[in-house]
Protein chains: 2
Amino acid sequence: MRAIKIPEKTVTRLSIYLRCVEELEGEGTASVSSKQLADRFGLNSAQVRKDLAYFGQFGIRGLGYYITPLRHSLEEILGLKRAWEVALVGLGNLGSALIAYRGFQEKGFKISVVFDRDPGKVGRRIDGIPVMDTGTIVSVVRKRKIKIGILAVPAAGAQAVLDALVKGGVIAVLNFAPAQLTAPDSVKVQNVDLSALLKTLSYHIARAEQPKPRTP
Amino acid sequence: MRAIKIPEKTVTRLSIYLRCVEELEGEGTASVSSKQLADRFGLNSAQVRKDLAYFGQFGIRGLGYYITPLRHSLEEILGLKRAWEVALVGLGNLGSALIAYRGFQEKGFKISVVFDRDPGKVGRRIDGIPVMDTGTIVSVVRKRKIKIGILAVPAAGAQAVLDALVKGGVIAVLNFAPAQLTAPDSVKVQNVDLSALLKTLSYHIARAEQPKPRTP
DNA sequence: TAGATTGTTAATCGATTAACAATC
DNA sequence: TAGATTGTTAATCGATTAACAATC
């Protein structure tokens, strides 16, 4: 029996499909073909079918996909049928921002503990969430069986924090620190370098502004 | 003369290289080979050389790359030799968070105007930044010659805001709204769907927890 | 049954990695 | 000069897209 390798990009697209399907469901659509989905949301129909086929047979030949069952399947695959507890590390500007941001909680990801090393912050509660010392990460995360961590600390301390999270049993991390972190293969680290994203934008502007090479 | 297509991923990696080079420079290193760089930061040396070679010849055979000149070249390529003004649209939780977050300003991206449609917010100043009505995007952005926009509005209104930004002359957009937006090819849109990122993480946890197939 | 659309295999495309001649 | 490392071409790998038999 071969373990079929599912491309990372396929998983990323799954949440795009889910969003599209949610939208269609909201409009009361009963079923959709991969072609319709692709045309409407700017996707490729073959890719939609191939991506879905990694996980099972969700469609009906000659008809397409029933919306509601497909949504349920996507939620099941993505592990969204349950709520996840999340540990946030770093209560600086970005960390505070992420707590205030409701987007995560709405999607079933609940920040249930925050870690910071500033004694002035430790022991307080932010939005009802307890702030604990960074030194207690391993034990607290382990005790609460938390599997998802968010890193919102400066780059310099990020690796040590990641190590602690991993030691405590965390297996998926959203990292906002601009640093090349290392973790065991079993741990999934998603990097989000906001400044780097802006830098690629500035590259594109610089390219777009200067080159006025020749008017044919 | 052929226009060499530079892969998007190469541009993304450029800012990673810049970060590495900055770190080495901080340590007082004078030069580095692609191999050293790759070993230390978990990159591939051939890829480093190939990526850089898209933009010119920055190395010296037998020696490697001189750190400081390479940093300057990377900054020049990425358009970081100047400060950029940025227009932020949406002063909700995420928008406020992005203003409080110092990361952008530090890297030369200055949020110089914020747009919101809430009359209760318009006219005020946040952190010294004027809050203006969303209806004025086109004229304000055009007048100030702003080229970069950040979208922190709900998905429903995102396309209209993007259209306004583009009409005003913006050519690069960082989009936090979970929506499939369309823009002219000349406009670069970078999507950052934070919830989608968490969803791929929850997928990985779901995979990691269940499958305990057989112990050989 | 005829028409439509899936699931899947084959073809294409692009990106990564390896190899090496050029050259410091 | 000998050793090292670049810039670049060729080989490999993986992902996307096209094509089509299976089948609703």
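A quick yes/no check of all residues on (1) in contact (Cβ under 8 Å) with a residue 40 or more places away in the chain; (2) within 12 Å of DNA strand C (Cβ to nearest atom); (3) among the small types (G, A, S); (4) in contact with a Cys (Cβ under 9 Å, 6 or more places away or on another chain):
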| site | (1), (2), (3), (4) |
| --- | --- |
| A:I16 | no, no, no, no |
| A:E27 | no, no, no, no |
| A:V32 | no, yes, no, yes |
| A:A53 | no, yes, yes, no |
| A:G56 | no, yes, yes, no |
| A:L63 | no, yes, no, no |
| A:T68 | yes, no, no, no |
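Elements of the type strands (runs of 3 or more DSSP E) sitting completely within segment A:67-184 and holding at least 2 residues that are within 14 Å of chain B (Cβ to nearest Cβ) and touching a strand residue (DSSP E or B) at 6+ places or on another chain (Cβ under 6 Å): these cover A:84-89, A:109-116, A:148-151, A:172-175. A:F41 meets the conditions (1) farther than 23 Å from B:I205 by Cβ; (2) within 8 Å of DNA strand C (Cβ to nearest atom) in every case but one. The failed one is (2).
How about segment B:61-77: which of its residues are more than 12 Å from DNA strand D (Cβ to nearest atom), touching a helix residue (DSSP H, G or I) at 6+ places or on another chain (Cβ under 9 Å) and not hydroxyl-bearing (S, T, Y)? Of everything in segment B:61-77, those that are more than 12 Å from DNA strand D (Cβ to nearest atom), touching a helix residue (DSSP H, G or I) at 6+ places or on another chain (Cβ under 9 Å) and not hydroxyl-bearing (S, T, Y) turn out to be B:R71, B:L74, B:E75, B:E76, B:I77. Of the residues that make up segment A:131-142, is at least one touching a Ser or Thr at 6+ places or on another chain (Cβ under 9 Å) and among the β-branched types (V, I, T)? Scanning segment A:131-142 turns up no residue that is touching a Ser or Thr at 6+ places or on another chain (Cβ under 9 Å) and among the β-branched types (V, I, T).
Quick grid of which residues meet (1) polar (S, T, N, Q); (2) in contact with a Phe, Trp or Tyr (Cβ under 9 Å, 6 or more places away or on another chain):
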residue	(1), (2)
A:I60	no, yes
A:T68	yes, no
A:R82	no, no
A:A87	no, yes
A:G90	no, yes
A:N93	yes, yes
A:R102	no, no
A:V122	no, yes
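Residues of segment A:127-138 that are open to solvent by 10 Å² or more (accessible area, probe 1.4 Å) and within 25 Å of A:A179 (Cα to Cα): A:M132, A:D133, A:T134, A:G135, A:T136, A:V138. One residue stands out among those in segment B:47-65 that are part of a helix (DSSP H, G or I) and open to solvent by 70 Å² or more (accessible area, probe 1.4 Å): the one that is nearest to A:D193 (Cα to Cα), which is B:Q47.
Residue count for segment A:24-36 satisfying the condition of being away from DNA strand D (no atom under 13 Å from the Cβ) and closer than 17 Å to A:S73 by Cβ: 5. In segment B:8-23, the residue that is surrounded by the most Cβ atoms within 10 Å (Cβ to Cβ) out of those that are away from DNA strand D (no atom under 13 Å from the Cβ) and more than 8 Å from chain A (Cβ to nearest Cβ) is B:R13. Of all the criteria given as (1) open to solvent by 40 Å² or more (accessible area, probe 1.4 Å); (2) more than 11 Å from DNA strand D (Cβ to nearest atom), the one not satisfied by B:N44 is (2).
For A:K5, indicate whether it is within 15 Å of DNA strand C (Cβ to nearest atom), within 13 Å of another protein chain (Cβ to nearest Cβ), on the phi < 0 side of the Ramachandran plot and not in a helix (DSSP H, G or I). In short, yes. Looking only at residues that are touching a Ser or Thr at 6+ places or on another chain (Cβ under 9 Å) and over 30 Å from B:N191 (Cα atoms) in segment B:25-43, which one is nearest to the other protein chains (Cβ to nearest Cβ)? In this case the residue turns out to be B:D39.
Each residue in segment B:74-94 was checked for being crowded, with 17+ Cβ neighbours inside 10 Å and modelled with pLDDT of 95 or more, and 13 pass.
The values are calculated or read from the model by the stated rules, or taken from the named source; none is laboratory data. Fair warning: this is a prediction, and the values are worked out from it, not measured in the lab. A quick note on method: Cβ atoms are made from the backbone with ideal geometry, for glycine too, and the neighbour counts reach across all protein chains shown. Note: accessible area is taken over every heavy atom of the protein model, side chains too, but ligands, DNA and RNA are not part of it. Shrake-Rupley method; radii C 1.70, N 1.55, O 1.52, S 1.80 Å.
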